[in-house]
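Please treat every number below as a calculation from the coordinates, not as lab data. Just so it is clear, the structure is predicted and the values come from calculations on it, not from any experiment. Glycine also receives a Cβ, built like all others from the backbone with ideal geometry; neighbour counts cover every protein chain displayed.
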Amino acid sequence: MEHAQSMSVAAPAIPEAHPAPDEAAAVEEAGELDASRPKSRVRSAYIKGPVYDWLLFLGPPLLALALGVFLANIESDDGLVTVSGQRFTWSGLLLGILIQSHLFIVFFRSHGNRSVLDTHPYRFTIVPAVVMVGCLLWPVFAVTASVLATFWDVYHSGAQTFGFGRIYDAKAGNDPHEGRWLDFIANQFLYAGPILAGAVMLDHFEDIYEYNDIGVYVFSTIPPAMTVHHGTIARVVIGLGALFFAYYVYANVRAYQRGRNVSVQKVFLYVGTGAVSLYTWGFNSWGEAFLIMNVFHAVQYFGIVWMSENKNMSKVFRVSKLPGAKWITLLLFLIVGFGYGFCVEVFVTGDTEIFWAMTITVSLMHFWYDGFIWSVRKKKVEAA
């Protein structure tokens, strides 16, 4: 996972006034889809459509688990491939490309959408420039950005699933604000909880050792302390999680009794994603935890960006008036996204500081931009 990589390339948003900014995405997406098509007599329970949703939103967690188990049983070190002087397993290379690609394509939502770009021009120009210069000139800033990306990614990944759930709730005819805190906490528990209590906890916290490389040792006791007290932390997380989910189920049953509709899609997504997270992060039985969790998150994000920005992209690529414009746009979208991912994964190392700083900046902007873009677009829809 992108937040497992240290000082090479670190990779799921900053909370604003709401418990999770991605909720604005859910409300906006549901409203925008309803506003963009003629009203039908039967409300669709899907965001885009049954096939699209099952392939790119609902199915990926379980499909990624199956992929991880399959690769764990067939791949070995004998299958290493050398690219630009670096040795990769095929799965590791392709995963790295996918991770970096999904981080980059947020720019189709920010800079590629003129209405969004005009709303917050400084956030899309000054801030990334400051972050990149800070990474290049101040080692403490660079390491802090790398470590921040690790933990921000965990929050961001849980928030993405939360946002999908709010969309499906709205599509089921429910008030998208009702129960938002419960859903948000549930998804953070389901994603971050197994990391804190499970087999890959140290893989996340060991990034803090990067401070040692620049002579800052004040944080160096954190990873060992987490290891020593891991059993206690696990019991606390499991205990609080059990209490919370008992209440979560109770609250949702009560809401159903009061007339709240049940979104089958939301239930499937939350249960499926939660089960994969608990099994994968918690036990890492197949040694493919980072692959499994990153694959489904990235595939879902590609689905989001293509669904919401394909028309804008056709204008950006200047192909909107060509025959087959949609398919040409899709091809260019994938070439640009995966082309960036390939270049970063193969050519960017800790020795190329400027490119490393660029990838860290892209990672942080991905998390931040994705957190507020939807609230920006929601205002545009309301104004219209």
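Residue by residue, the range 217-234 carries 3J(HN,Hα) couplings of 10, 4, 9, 5, 7, 5, x, x, 5, 5, 5, 4, 9, 4, x, 5, 4, 4 Hz when phi is fed to the Karplus relation 6.51 cos²θ - 1.76 cosθ + 1.60 (θ = phi - 60°); x denotes Gly or Pro.
Loop-located trypsin sites (Lys or Arg not before Pro) in the range 283-360 (DSSP state not H, G, I, E or B) with no more than 15 neighbouring Cβ atoms inside 10 Å: Arg318, Lys321. Taking 0.36 nm per residue of sequence separation and removing the Cα-Cα distance, the Trp327/Val271 pair yields an extension gain of 16.8 nm.
Scoring 200-210, 331-341 by mean Cβ neighbours within 10 Å over their residues and listing the highest first yields 200-210, 331-341. Cα centroid separation, the range 145-189 to the range 198-226: 27 Å. Karplus-based coupling profile of the range 191-197, in residue order and whole Hz: 9, 7, x, x, 5, 5, 9, with θ = phi - 60° in 6.51 cos²θ - 1.76 cosθ + 1.60 and x standing for Gly or Pro. Pairwise Cα separations in the range 160-200 fall into 5 Å bins from 0 onward with the following percentages, short to long: 5, 24, 26, 17, 12, 8, 5, 2. Per-residue Karplus couplings for the range 304-318, computed as 6.51 cos²θ - 1.76 cosθ + 1.60 with θ equal to phi - 60°, are listed in order as 4, 5, 5, 4, 8, 10, 5, 5, 5, 5, 4, 6, 4, 7, 6 Hz, Gly and Pro entered as x.
Sorting the segments 282-290, 213-221, 298-306, 129-137 by their residues' average number of neighbouring beta-carbon atoms within 10 angstrom, most packed first, yields 298-306, 282-290, 129-137, 213-221.
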